[in-house]
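Enquirer: One structure is given below, represented as structure tokens, and several questions about it will come after.
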């Protein structure tokens, strides 16, 4: 049975029910005609609602049938269905060249027996130059060095130096290391020390510890002079020179020095000693002849502040 036939049957049944309930016997029972009319209106509203529902289902069936028809056409390769995908074609690895007739290969050249094979020669790297001279060092300085500042080399790896804290002093009181070197500061005293530095590029603060604690370390990542102190004992001082490359030399007792293999160009030569201010001079280095330089170091004030930038107290 279709939905339209079911609708007609339902409507006929409702009308028959109304007619039965409107017989004189029912009226004789005291049911008024107005009540019958009201029930008839209610039944008509229900019939209209049922018809609307049936119409919605009918429209849904129509749409579903249209969708199934399109799906069947798509599966059978109809014009509305998806077109078959052509087989994938491998992309060429390299761009093909336009066709051209092959030209005959050139005949191999005859090699003369005993003649050396020619090799492509590479240009030789520019030869380094020599910088030498004399540095005037203050009388009380334990050591002095000179180095080339503006030649940067890779940082050193795995290098370690020890400066011990012993009897309220740094031992040794100075060190010259390459950039990237780690320095350990073990404390052999039972009293506490606090190693620190406020030097630009290499500032650090190792905090309080004594001989019962494992020595702390610091890696020096930037080149230049580093002043190291104890935040508790102002008499404790050490000086570290961090060089940026291998172009440095220790100044001899007579004040002379010599650095070989300095890269050609305009170079900054710097002299250093633990208790002196840096002094520097620019030189033009060439591979043809050595450059002579004369430098003079001047002592600096030994006074310094604590790690907070304040004068030390009265404690020792």
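The values are calculated or read from the model by the stated rules, or taken from the named source; none is laboratory data. Note that this is a predicted model, so its numbers are computed, not measured. Heads up, the Cβs are rebuilt from the backbone with ideal geometry, glycines too, and the neighbour counts pull from every protein chain shown.
Enquirer: Could you tell me whether residue 207 is farther than 22 Å from residue 176 by Cα and part of a strand (DSSP E or B)? Talk me through it step by step, then tell me what you get.
Expert: Working: farther than 22 Å from residue 176 by Cα: yes; part of a strand (DSSP E or B): yes.
Judged against the criteria, residue 207 is a match.
Enquirer: What number of residues within region 152-173 satisfy the criterion of being surrounded by fewer than 16 Cβ atoms within 10 Å (Cβ to Cβ) and more than 30 Å from residue 210 (Cβ to Cβ)?
Expert: 4
Enquirer: Moving on. Can you spot a residue in region 181-195 that is part of a loop (DSSP other than H, G, I, E, B), surrounded by fewer than 19 Cβ atoms within 10 Å (Cβ to Cβ) and modelled with pLDDT under 95?
Expert: Pass one, region 181-195, residues part of a loop (DSSP other than H, G, I, E, B): 181, 186, 188-192.
Imposing the further condition that a residue be surrounded by fewer than 19 Cβ atoms within 10 Å (Cβ to Cβ) reduces the set to 186, 188-192.
Checking which are modelled with pLDDT under 95 leaves us with none.
No, region 181-195 contains no residue that is part of a loop (DSSP other than H, G, I, E, B), surrounded by fewer than 19 Cβ atoms within 10 Å (Cβ to Cβ) and modelled with pLDDT under 95.
Enquirer: What number goes with the only condition from (1) in the same structural domain as residue 148 (by TED's automatic domain parsing); (2) under 39 Å from the mean Cα position of the chain (by Cα) that residue 295 does not pass?
Expert: (2)
Enquirer: So, one more: Would you please list the contacts, defined by Cβ atoms under 9 Å and residues six or more apart or on different chains, that run from a residue in region 145-156 that is free of Cβ contacts under 8 Å to residues at least 60 places away in the same chain to a residue that is surrounded by 14 or more Cβ atoms within 10 Å (Cβ to Cβ) and part of a strand (DSSP E or B)?
Expert: Pairs that qualify, where the first residue is free of Cβ contacts under 8 Å to residues at least 60 places away in the same chain and the partner is surrounded by 14 or more Cβ atoms within 10 Å (Cβ to Cβ) and part of a strand (DSSP E or B), are 156/177; 156/178.
Enquirer: Here are the criteria: (1) touching a residue at least 40 places away in the same chain (Cβ under 8 Å); (2) in a strand (DSSP E or B); (3) crowded, with 16+ Cβ neighbours inside 10 Å. Tell me which single one residue 226 does not satisfy.
Expert: It is condition (1) that residue 226 fails.
Enquirer: Using the structure shown, decide if residue 254 is part of a loop (DSSP other than H, G, I, E, B) and surrounded by fewer than 20 Cβ atoms within 10 Å (Cβ to Cβ).
Expert: On the way: part of a loop (DSSP other than H, G, I, E, B): yes; surrounded by fewer than 20 Cβ atoms within 10 Å (Cβ to Cβ): yes.
Judged against the criteria, residue 254 is a match.
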